[in-house]
Amino acid sequence: MTVQSTASFARDFLHLPEHIQRKVETAIRQLVANPHSDWNAGLFGRRFAMIHFLGGILILLFTLAVPVHAGVDKNKARYVGGTVKEIPEQTEGMLFEQNEKTMYFTWRTGWWAIHYNRIKSLKYGDKSSGFPALMNRRAHFLTIFFQDDQGTKHVAVFEIGKAKVKTILAILELRTGLKIEYESENARKSARQ
């Protein structure tokens, strides 16, 4: 188990009700303290039940974790990260054009605007996300490189919902006069769909 998956497991574990947490902790302590006890207790012995209980908890946690990592809503965008201090990381909102000079990102508690003439470069990429056996979603990422009023270089990375990709990319190319750099041929194809 990697550090990231362990942290994810721990985070999801803390969201379980306390009585289930206590049962899982007790089962793990018993299993670790005496791993070979009840080995001959038959097919439905304590060890068999404990292993199935822990397996069931793990399946439940992974099932609950799928929506957390499923991506952004198809009509929205999420600020993933970058150097924009005004937007909290992982904030979901709307990315849209208000007029011919400015694009806005709005979220529940605020807004951020970028003038098209400040944008210096655009990059688009996509990647598979989710559990392959359960779903095969593609996450769509737009990276905007721009300069502020003082000439300082900045970057903003947005995950864009599938329904908005084509429109946002077309608007950005039109308004900035820049060609979007695609990370791969697959990204170029998915942007056209």
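Since every read-out is calculated from the coordinates, none of them should be taken as a lab result. No experiment lies behind these values; they were computed from the predicted model shown. With ideal geometry, Cβ positions are generated from the backbone for all residues, glycine too; neighbour counts draw on all protein chains shown.
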*What is the distance, in nm, between label points placed 7 Å from the Cα along the Cα-to-Cβ direction at ASN99 and at GLN150?*
2.6
*Scan region 159-193 for trypsin sites (Lys or Arg not before Pro) in coil per DSSP, keeping those whose Cβ has at most 12 other Cβ atoms within 10 Å, and list them by number.*
LYS179
_Pairwise FRET efficiency - THR167 versus TRP111, Cβ, R0 = 22 Å, nearest 0.05_ = 0.70
